[in-house]
Amino acid sequence: MKYLEDFVAGANAIIWSDVLIYFLLAVGIYFSTRMRFFQVRMFKSMIRLMFTGTKSKAGISSFQALAVSLSGRVGTGNIAGVATAIFIGGPGAVFWMWLVAFLGAGSAFVESTLGQIYKRNEKGQYRGGPAFYIEQGMRNKKVGRIYAIVFAVATIMATGLFLPGVQANSIASAVNNAFDLNHAWTGVILVVLLGLIIFGGIKTIARVAEYVVPFMAVVYVLVAIVVVFINYAQIPAIISLIFSSAFGAHATFGGIAGAMISIGVKRGVYSNEAGQGTGPHPAAAAEVSHPVDQGLVQAFSVYIDTLFVCSATAFMILSTGMYNVKGPGDELIVDHGVYYMQDGVKHVDGSAMYTQAAVDKAFSGQEVFDINYRGVGSYMVAVTLFFFAFTTLMAYYYIAETNVAYLTYKRGGPLLMLLLKAGMLAAVYMGCVRTAKLAWDLGDLGVGLMAWLNVIAILILQKPVLDAMKNYEVQKKQNLDPVFDPKALGIKNADFWEFEYRKAPEKEA
């Protein structure tokens with residue numbers, strides 16, 4: 001196991017170098033400025049479009065696609081990931097997560113719109129994603145095909161094998177902290193529940209996500225508001241701390257400014273997944289009349305993930321002081337005594353325990369952390385994290401399944417689909433019983449690989465999106481309900497829109 005951990009850590013050091021971190025920021029800035037900061041200009045349209053549109057036999061509604069996308073975005077990164085960011089980068093890391101969300105909305109829009117432009121109808125079901133638009137959008141078809149296959153394989157490995165371990169591990173840790181349930185038993189329960197859902201396909205996944213994700217997100221944010229209200233006197237100081245430490249102006253955190261930016265960007269990307277290539281998969285499954293409609297909806301999902309849910313976690317942790325911060329070495333420059341135990345080892349590096357301790361302190365009035373105390377926070381965070389991470393597992397399966405479908409197009413693939421289900425369920429169980437560090441490192445490896453491949457692709461393929469955006473805005477100014485016609489825009493290989501969309505898919509009730 002030690003050799004595996006060392007190998008994964010070495011691979012992450014290369015993939016998640018400063019080059020990728022600043023590249024992601026630069027791409028976000030580029031797309032935001034190129035589209036005149038549509039995140040602000042079209043904010044009202046984002047909200048309105050979430051609740052419009054219909055389902056069809058082949059596609060799901062815009063809101064269902066948003067819910068499935070949020071299933072992938074809103075997960076353990078919103079609770080345990082924020083805690084880890086504060087542990088490594090201090091309070092200032094929260095600012096960099098916010099910045100990545102705002103700029104990342106541009107990348108999310110581009111990739112999701114591309115997913116819609118180049119989607120296809122496979123056996124009565126809409127499919128799309130980076131592998132699809134890379135192959136169809138590249139001018140050199142041979143290069144595009146090879147590139148798309150590499151992305152599909154990397155995505156299957158990441159979402160089918162690597163990332164599920166992170167979600168499962170966080171669920172097991174939170175449940176163990178709250179209910180003392182053995183990690184192995186949590187693994188068995190997760191495998192059974194997840195197996196029942198993923199065998200039902202995208203329709204089942206969308207129906208579950210449509211109800212569970214919004215409900216749990218609203219409940220979680222409401223609890224956060226209560227916790228922050230209890231500690232309202234701390235809010236001005238917390239906001240000042242976040243901004244002052246973000247730029248190295250705070251004496252305590254000046255020595256970790258580099259780590260602060262790095263972990264803030266990394267956890268921001270990990271949480272909201274903008275540019276990573278996961279969002280286009282459910283986006284492509286939506287039934288809309290113009291690709292930009294769903295691109296705007298998916299861009300707003302980044303705000304929901306980071307500006308709402310991640311901020312809720314951050315303010316609960318910081319307002320109650322239930323966190324530690326690591327210095328340039330292994331020493332703690334902020335030590336509030338919060339930790340968790342796993343396999344007899346004491347861990348001070350965050351996880352869901354920070355959030356559980358924050359809620360417990362707010363409702364119990366305890367000033368000192370007590371690992372043996374079980375209160376409202378322990379149970380609430382365990383249940384919330386279970387649903388957040390569980391729905392993320394559903395989204396991961398759908399993403400992996402879509403890429404298997406891409407690789408086996410017109411050649412069947414039932415056996416590979418069955419192997420994918422078995423492999424992912426095994427990964428979920430293993431994630432529950434292995435160390436949190438290895439789970440996170442494997443997840444980072446998967447995210448990094450997908451991010452590199454997808455961000456380069458959307459930079460190459462940006463023209464169809466920019467043309468579609470201009471066309472959309474022209475139609476809106478004419479008070480029309482925008483309808484996409486790729487042929488009129490000179491966009492090639494958008495076969496669904498050119499040959500199938502006009503057939504008017506049969507709507508569902």
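The values are calculated or read from the model by the stated rules, or taken from the named source; none is laboratory data. Because the structure is a prediction, the values reported are computed rather than measured. Ideal geometry is used to build each Cβ from the backbone, glycine not excepted, and the neighbour counts take in all protein chains shown.
Is it the case that segment 364-382 has a residue that's in contact with a Phe, Trp or Tyr (Cβ under 6 Å, 6 or more places away or on another chain) and assigned to a helix (DSSP H, G or I)? Yes: one or more hits. Looking only at segment 108-142, residues that are of a type in the set (Asp, Glu) and either at pLDDT 95 or above or under 25 Å from the mean Cα position of the chain (by Cα) (or both) come to 2 in all. Scanning segment 147-189 for residues that are aliphatic (A, V, I, L, M) and within 22 Å of Thr384 (Cβ to Cβ) turns up Leu163, Val166, Ala168, Ile171, Ala172, Ala174, Val175, Ala178, Leu181, Val188, Ile189. Answer yes or no: is there a residue in segment 46-57 that is buried (at least 18 other Cβ atoms within 10 Å of the Cβ), of a type outside the set (A, V, I, L, M, F, W, C), under 18 Å from Ser262 (Cβ atoms) and at pLDDT below 85. No: segment 46-57 contains no residue that is buried (at least 18 other Cβ atoms within 10 Å of the Cβ), of a type outside the set (A, V, I, L, M, F, W, C), under 18 Å from Ser262 (Cβ atoms) and at pLDDT below 85.
Is it fair to say Ser62 is at pLDDT 85 or above, over 24 Å from Phe315 (Cβ atoms) and in contact with a helix residue (DSSP H, G or I) (Cβ under 6 Å, 6 or more places away or on another chain)?
Values: at pLDDT 85 or above: no; over 24 Å from Phe315 (Cβ atoms): yes; in contact with a helix residue (DSSP H, G or I) (Cβ under 6 Å, 6 or more places away or on another chain): yes.
Criteria not met by Ser62.
Within segment 15-29, the set of residues being buried (at least 16 other Cβ atoms within 10 Å of the Cβ) and either hydroxyl-bearing (Ser, Thr, Tyr) or in a helix (DSSP H, G or I) (or both) comprises Ile15, Leu20, Ile21, Phe23, Leu24, Leu25, Val27, Gly28.
Can we say Val383 is touching an Asp or Glu at 6+ places or on another chain (Cβ under 7 Å) and either modelled with pLDDT under 75 or over 30 Å from Lys123 (Cβ atoms) (or both)?
Numbers: touching an Asp or Glu at 6+ places or on another chain (Cβ under 7 Å): no; either modelled with pLDDT under 75 or over 30 Å from Lys123 (Cβ atoms) (or both): yes.
Against the criterion (touching an Asp or Glu at 6+ places or on another chain (Cβ under 7 Å) and either modelled with pLDDT under 75 or over 30 Å from Lys123 (Cβ atoms) (or both)), Val383 does not qualify.
Out of Glu111, Glu135, report the one residue that is surrounded by fewer than 24 Cβ atoms within 10 Å (Cβ to Cβ) and in contact with a Gly (Cβ under 7 Å, 6 or more places away or on another chain). Break it down stepwise before answering.
Values: Glu111 fails: surrounded by fewer than 24 Cβ atoms within 10 Å (Cβ to Cβ).
Within the list Glu111, Glu135, the selection yields Glu135.
Hey, does segment 358-366 have a residue that's surrounded by fewer than 20 Cβ atoms within 10 Å (Cβ to Cβ), of a type in the set (Phe, Trp, Tyr) and at pLDDT 75 or above? Looking through segment 358-366, at least one residue is surrounded by fewer than 20 Cβ atoms within 10 Å (Cβ to Cβ), of a type in the set (Phe, Trp, Tyr) and at pLDDT 75 or above.
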